[in-house]
Amino acid sequence: MSARAPTSKLRLGVLASGRGTNLQAIIDAIEAGTLDALIAVVISNKKEAQALERARRHKLTGVFLDSKPFAHEANSREAYDRAILDVLQKHDVELIALAGYMRIVTPVLIGAYPNRIMNIHPSLLPAFPGLEVQEKAVDWGVKIAGCTVHFVTEGVDEGPIIIQAAVPVLQGDTADTLSARILTQEHRIYPRAIQLYAEGRLRVEGRRVLVAGASESPAGPLISPSL
Ligand code: GRF
């Protein structure tokens, strides 16, 4: 995939099912001027999603798209994604950001938006794909956990990795305390990943995402427990 030509403001479509703190981080970054994009539409499969409330509060277009009417169709997930696609295309969405979206996206969406769907996942992929991964990290006894923004491909949580943040796992951590530590970093790296895309700095080569002008001198290794 070649990089985006950043000629016009990036039009984002955000898909969310729940509380929407990552959506909020994206909104805040746009309002603070650190993310040069606009949210064309927020779509939720849950009517009561707090994400929709956040969209309303910021005068963004919010759409609840119920999956129930599609449940009787033979390929119900694909049929639902065709309806999502319709909404996204009506709003001229260029990049889709999944933000706590609790459905698996089908080839209908992925084919229409190849390397143009991002997801945020609360683990250092490829460790701990799937659900309840902060609890799995604590149970496994890892010393370092984190979060990942990646492009979405057909394999769940398997797409090319754009950016990751690592946090220590502390001895007294529960799934909740670890989740909170990871979430703080999610809110930093998701808007950043989108900004890199908006600036046309991301190029996908096979499994690797090349970031033009990336700083190659990070702060240093995270050692946990520290030395
Ligand atoms: C986040 O932990 C995200 O990594 C995962 O689902 C959670 C969504 O949280 N995909 P929120 O709805 O953005 O607050």
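The values are calculated or read from the model by the stated rules, or taken from the named source; none is laboratory data. In this text, all values refer to a predicted model and were calculated from it rather than measured experimentally. Cβ placement follows ideal geometry from the backbone for every residue including glycine, while neighbour counts extend to all protein chains displayed. The accessibility values were calculated without ligands, DNA or RNA, using every heavy atom of the protein model including side chains. Shrake-Rupley method; radii C 1.70, N 1.55, O 1.52, S 1.80 Å.
Quick rundown of the values:
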| item | result |
| --- | --- |
| Matching residues in segment 1-35 - criterion: being modelled with pLDDT under 95 and touching a strand residue (DSSP E or B) at 6+ places or on another chain (Cβ under 8 Å) | M1, S2, A3, R4 |
| Residue under evaluation E53, criteria (1) open to solvent by 50 Å² or more (accessible area, probe 1.4 Å); (2) of a type in the set (D, E); (3) under 21 Å from L202 (Cα atoms), criterion not met | (3) |
| Wholly enclosed helices (runs of 4 or more DSSP H) of segment 1-118 bearing at least 2 residues touching a Phe, Trp or Tyr at 6+ places or on another chain (Cβ under 9 Å) and away from the ligand (no atom under 16 Å from the Cβ) | 76-90 |
| Condition met for L88 (over 17 Å from the mean Cα position of the chain (by Cα), outside the structural domain of R188 (by TED's automatic domain parsing), at pLDDT 95 or above and not polar (S, T, N, Q)) | no |
| Residue in segment 28-36 that is farther than 21 Å from P114 by Cβ and open to solvent by less than 40 Å² (accessible area, probe 1.4 Å) present | yes |
| Number of positions in segment 139-193 that are in contact with a Leu (Cβ under 7 Å, 6 or more places away or on another chain) and either more than 16 Å from the ligand (Cβ to nearest atom) or modelled with pLDDT under 95 (or both) | 2 |
